[in-house]
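Each remark here refers to the structure printed beneath this line.
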Amino acid sequence: MPKVRNKKRKVIDKKWLILFVILVVGIGIGYIVFNKFNLKPIYSIDSRINNIKKEQKKDEKDYRTIGWLRVQGTNIDAPIIGYNTRGEEVNVTKDNYLWNEINEKKFYNKVNIMGHNILNLSSTPRVGDVNFSRFDDLMAFVYTDFVEDNKYIQYTVDGKDYLYKIFAVYFDYQFNLNLSYQGNYSKDDLSTYLKKVKKKSIYDFDVNVDSDDKIISLITCTRMFGENSTYELIVNARLVHENEKYTNYDVVENKNYKKIKKILKGDEVNDEA
């Protein structure tokens with residue numbers, strides 16, 4: 001009889017072992033599928049509403065803090081100021097700031113945020129330098145491996161934190177940004193802008209965007225195409241849709257990236273983008 005019990009125990013132990021193996025394999029497959037299809041949240045909103053209130057106490061008469069911007073993967077985490085409407089240059093006493101030419105704490109379907117790039121003007125930009133401020137670190141978006149992991153922009157205005165997902169990165173002459181005014185675009189104007197942006201982008205993002213979306217554009221100067229070039233780098237994103245998860249999504253280099261790749265390798269630097 002004892003031998004029968006031992007045999008039964010071995011059968012039970014074997015069943016548990018098989019179940020354990022199936023469970024482990026199932027967890028492994030689930031993990032792979034989870035990451036393969038980019039289901040893992042990659043951004044968490046960290047409100048900047050109180051930061052705005054603190055900065056507003058330091059404002060001068062010529063400008064005021066109207067919002068805040070954070071860019072995933074960078075040290076860009078700064079107040080946005082609105083200049084006065086006199087068209088005069090103002091003395092900004094903040095060490096780290098971005099600006100918006102419309103002096104209103106208001107949400108628009110086309111938002112432009114500008115910032116200086118002072119310390120990162122070479123044809124091979126650095127990433128994550130502790131000395132960077134303002135928009136120096138925006139140049140990280142010329143590197144594909146950086147963009148693959150960092151695709152979200154947090155914009156805080158009018159008492160609310162908004163999240164945007166990046167859909168285009170491109171370069172353009174300063175003088176070609178005439179369709180980049182901020183405000184509430186008509187559907188036709190926004191559609192025209194989106195066609196231009198998608199055509200010039202150096203990456204193709206797996207993001208649906210159309211004239212019903214709300215757009216943010218981050219704009220800074222660059223010298224990637226030569227010391228005397230007048231190019232701007234523009235990073236474009238659209239507002240995350242209602243009930244849309246903050247997950248990763250695909251991005252690939254397109255034909256426009258070929259020139260950027262040559263410059264990064266040191267093979268070519270000129271004034272033609």
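The values are calculated or read from the model by the stated rules, or taken from the named source; none is laboratory data. Only a predicted model underlies this, so the values are computations on that prediction, with no experimental measurement involved. Positions of Cβ are backbone-derived with ideal geometry, glycine not excepted, and every protein chain shown enters the neighbour counts.
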Scanning segment 153-198 for residues that are closer than 19 Å to E244 by Cα and either modelled with pLDDT under 95 or of a type in the set (K, R) (or both) gives K160, K165
Of the candidates N270, N243, the one satisfying the condition of being more than 18 Å from Q174 (Cβ to Cβ), outside any strand (DSSP E or B) and modelled with pLDDT under 95 is N243
Checked pairs for segment 211-232, first under 14 Å from M114 (Cα atoms) and of a type in the set (S, T, N, Q), second assigned to a loop (DSSP other than H, G, I, E, B) and at pLDDT below 90, C-beta under 8 Å and 6 or more apart or across chains, list as S217/S180; T222/L121; T222/S229
Exactly one of E60, E55 is acidic (D, E), modelled with pLDDT of 85 or more and out of contact with any helix residue (DSSP H, G or I) (no Cβ under 9 Å at 6 or more places or on another chain), and that residue is E55
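In segment 186-209, which residue that is in contact with a helix residue (DSSP H, G or I) (Cβ under 7 Å, 6 or more places away or on another chain) and in a loop (DSSP other than H, G, I, E, B) is surrounded by the most Cβ atoms within 10 Å (Cβ to Cβ)?
I202
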query: Would you call E253 among the acidic types (D, E), more than 15 Å from the chain's Cα centre (by Cα), within 26 Å of I80 (Cβ to Cβ) and in the same structural domain as N100 (by TED's automatic domain parsing)?
result: no
Among L190, L194, the single one that is of a type in the set (A, V, I, L, M) and out of contact with any Phe, Trp or Tyr (no Cβ under 9 Å at 6 or more places or on another chain) is L190
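Could you tell me whether W99 is modelled with pLDDT of 90 or more, of a type outside the set (A, V, I, L, M) and assigned to a strand (DSSP E or B)?
No, not satisfied.
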Exercise. Out of all the residues in segment 126-147, is one or more in contact (Cβ under 8 Å) with a residue 60 or more places away in the chain, touching an Asp or Glu at 6+ places or on another chain (Cβ under 6 Å) and either outside the structural domain of P79 (by TED's automatic domain parsing) or not hydroxyl-bearing (S, T, Y) (or both)?
Worked result: no
